[in-house]
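Written below as structure tokens is the structure these notes are about.
Coordinate-derived values only; no laboratory data. No experiment lies behind these values; they were computed from the predicted model shown. All Cβ positions, glycine included, derive from the backbone under ideal geometry; neighbour counts span all protein chains shown.
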Amino acid sequence: MKLLKEKIMNDGKVLSDTVLKVDSFLNHQIDPLLMKEIGEEFANRFTDEVITKILTIESSGIAPSTMLGLTIGAPVVFARKRKSLTLSGNLYSSKVHSFTKNETNEISVSKDFLSPDDNVLIVDDFLANGEAVKGLLDIAQQSGATVVGVGIVIEKGFQQGGQILREQGIRVESLANIKSLANGQIEFFDY
Ligand code: 5GP
């Protein structure tokens, strides 16, 4: 997605050979116009699928997911990283190791919001080693829902997550795929 790649080139900060900071439009401040285009692009990519629910993880998956939900008219469910007092029992849970924070969180979704009747699209901001997506797949599987695919805003193709998921036959669509962050330079795959 051209606009997203331009934004990454102009505003992204390379923190290390493996971490990209995009706080100015996705992870802290949010660019609503870009999010709207991202939502529409996901909708186009998955136009052949019936999606009844979008499943993401707080907090940075929520903005792109909501814009997709607005475009296709489907609700967005976000997995919570901390159990709130009002979210006890009645939960699907999974453990997720965070690439950026190097800690393991339990993520949870209320059983009220996913059912075997759902066709779920999983969405997240970044794909690195695939841990967050694996946790969301686990939760979807526990609910009996069907997963139609995974939509990622920024994939880091030099890490293993995308390959692992695609080898499992899961459809992964990423809107920008980074080939390398070496030497402070952002390089994309050509497609
Ligand atoms: P994974 O679970 O695929 O290893 O990592 C994806 C998760 O870690 C995403 O939900 C995202 O929040 C975070 N993440 C991974 N790599 C990066 C990165 O380079 N920059 C930012 N801002 N977040 C990342």
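Observations
- Convex hull of region 84-191 built on C-alpha atoms - directionally averaged projected area, nm²: 7.8 nm²
- For the chain, built as a Gaussian network whose Cα springs stay under 10 Å, the top-fluctuating residue of D138, D48, D125: D48
- Counting every C-alpha pair in the chain, the share spaced more than 19 angstrom apart comes to 57%.
- Highest-MSF residue in the chain out of L70, L121, L55 [GNM, Cα springs under 10 Å]: L70
- Theoretical FRET efficiency, 1/(1+(r/R0)^6), r = Cβ-Cβ of I30 and K179, R0 35 Å, to 0.05: 0.85
- Gain upon complete extension [E187, N129; 0.36 nm per residue less C-alpha separation]: 19.0 nm
- Reachable lysines from K101, criterion Cα separation under 20 angstrom, eight or more residues apart if same chain: K13, K21, K81, K83, K134, K156
- Choice from L91, L20, L33 with maximal GNM fluctuation in the chain (Cα, 10 Å cutoff): L33
- Secondary-structure-derived ellipticity at 222 nm for the chain, considering helices only, amounts to -8500 deg cm²/dmol, per-run term -39500 (n - 2.57) for DSSP H runs with n ≥ 4.
- Semi-axes of the equivalent ellipsoid for region 26-107, Cα gyration tensor, largest first, Å: 25, 17, 12
- ³J(HN,Hα) computed for each position of region 107-112 - Karplus, 6.51 cos²θ - 1.76 cosθ + 1.60, integer Hz, glycine/proline x: 9, 9, 9, 5, 5, 5
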